[in-house]
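Single-structure report; data block below.
The values are calculated or read from the model by the stated rules, or taken from the named source; none is laboratory data. Fair warning: this is a prediction, and the values are worked out from it, not measured in the lab. We place every Cβ from the backbone using ideal geometry, glycine too, and count neighbours over all the protein chains shown. What goes into the accessible areas is simple: the full protein's heavy atoms, side chains included, and nothing from ligands, DNA or RNA. Shrake-Rupley method; radii C 1.70, N 1.55, O 1.52, S 1.80 Å.
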Amino acid sequence: METTTLGKNGPSVTALGIGAWSWGDRLFWDYGKSYGEKEVEEAFLSTINAGITFFDTAEIYGLGESERLIGRFLKNTSTKVDIATKYGPLPWRFGADAVHQAITNSLQRLQLEKVVLYQVHWPFTFLMSQETLMNALADEVQRGRIEAIGVSNYSASQMRHAHDILKKRDIPVAVNQVQYSLLSRKIESQGVSNTARELGITILAYSPLAQGLLTGKYTPEKTPEGARKLDNRFSTQGLEKIAPVLDLLRQYGEKYQKTPAQVALNWLIAQGDVIPIPGAKNAQQAIQNAGALGWRLSADEVQHLEKVSRPWL
């Protein structure tokens with residue numbers, strides 16, 4: 001199985017992970033209606049059976065339910081699994097003790113003694129400075145409850161600031177988790193990619209399939225139902241705009257006997273030091289995700305997809 005190192009000298013995880021936002025989330029994903037714990041556990045076990053052992057969650061996903069589900073699922077496998085979770089810098093958290101307690105609560109829900117990666121979910125400061133926050137996280141690395149520290153949704157300058165603080169503790173920022181796909185490439189135009197490369201920070205790409213746009217299942221004639229209807233990208237005009245990207249994904253998919261989604265994920269992996277973390281609400285989606293590994297687009301194909309997706313820089 002292909003692996004990628006988190007940061008310069010961090011732990012190695014599988015080159016593709018699974019994002020667990022939809023596991024237990026009723027507000028956006030309607031957990032408990034079209035799918036539930038049974039389907040999610042099947043997705044978890046199918047992912048592991050396919051050789052992928054890296055899962056990303058957060059304390060806020062399902063108000064802790066995503067972590068609780070993963071904690072239960074871990075009891076049903078003997079495979080070593082790498083779990084990443086996230087800390088929410090909420091306004092009423094204003095000291096190192098709040099960070100310590102948040103990690104304690106996440107570990108209890110996950111039924112683990114440590115996580116491979118702990119990330120700051122947003123670059124908010126409120127009443128806690130980045131210096132206090134990063135040093136509190138560094139203390140947890142020294143306690144052995146975190147293997148690597150990451151950030152999420154940080155700009156290039158915010159990422160550099162976090163890096164400079166932790167450098168004084170001789171601990172690197174391993175990861176910046178950001179939205180990144182063929183239809184969301186602003187991290188390139190806004191300097192996040194280049195800064196991450198300079199500092200040796202790995203990119204975790206959330207929404208790598210643009211919430212389903214890159215799967216090819218939506219067309220101008222077949223627009224989605226539910227919350228996606230509120231997003232202009234899923235309108236008839238929005239779907240017409242992305243047609244050139246989907247046409248090329250289908251073309252390469254036919255060549256390699258892969259789906260458009262698998263080609264889109266493979267393009268992200270080809271960027272280097274990028275780990276896509278698509279979601280999976282059932283076993284079929286988990287198996288589909290795994291098909292992005294074990295093969296490679298050619299350099300020319302990577303460049304052609306880069307060219308056709310430039311409107312989303």
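Of note:
- Beta bridges per DSSP, both residues in the chain: antiparallel share near 15 percent.
- Protein accessible area in the range 116-265, 1.4 Å probe - carbon and sulfur %: 49
- Structure note, pairs LYS186/LYS281; LYS186/LYS222; LYS38/LYS241: Cα-Cα distances above 31 angstrom occur for LYS38/LYS241.
- Within straight-line cross-link reach of LYS307, aspartates and glutamates at Cα separation under 14 Å, skipping those fewer than 8 residues along the same chain: GLU188, ASP247
- Backbone phi angles across the range 11-17, fed through the Karplus curve with coefficients 6.51, -1.76 and 1.60 (θ = phi - 60°), yield HN-Hα couplings of x, 8, 10, 4, 5, 9, x Hz in residue order; Gly and Pro are listed as x.
- Low-density loop cleavage sites - GluC sites (Glu not before Pro) in the range 184-252, where at most 10 other Cβ are within 10 Å (DSSP): GLU221, GLU225
- In order through the range 148-165: 3J(HN,Hα) via Karplus (6.51 cos²θ - 1.76 cosθ + 1.60), integer Hz, x for Gly, Pro: 9, 9, x, 10, 8, 6, 8, 6, 4, 5, 5, 5, 5, 4, 4, 4, 5, 5
- Accessible surface area normalised per residue over the chain is 44 Å², counting heavy atoms of protein chains with a 1.4 Å rolling probe.
- Dividing the mean sequence gap of close Cα pairs (under 8 Å, 6+ apart) by how many residues the chain holds gives a relative contact order of 21 percent.
- Loop sites in the range 1-88: chymotrypsin sites (Phe, Trp or Tyr not before Pro), DSSP, at most 15 other Cβ within 10 Å: PHE28
- Highest average first, the peptides 247-255, 288-296 ordered by how many other beta carbon atoms sit within 10 Å of their residues are 288-296, 247-255.
- A helix-only calculation puts the chain at -12000 deg cm²/dmol for mean residue ellipticity at 222 nm, using -39500 (n - 2.57) for each DSSP H run of at least four residues, averaged over all residues.
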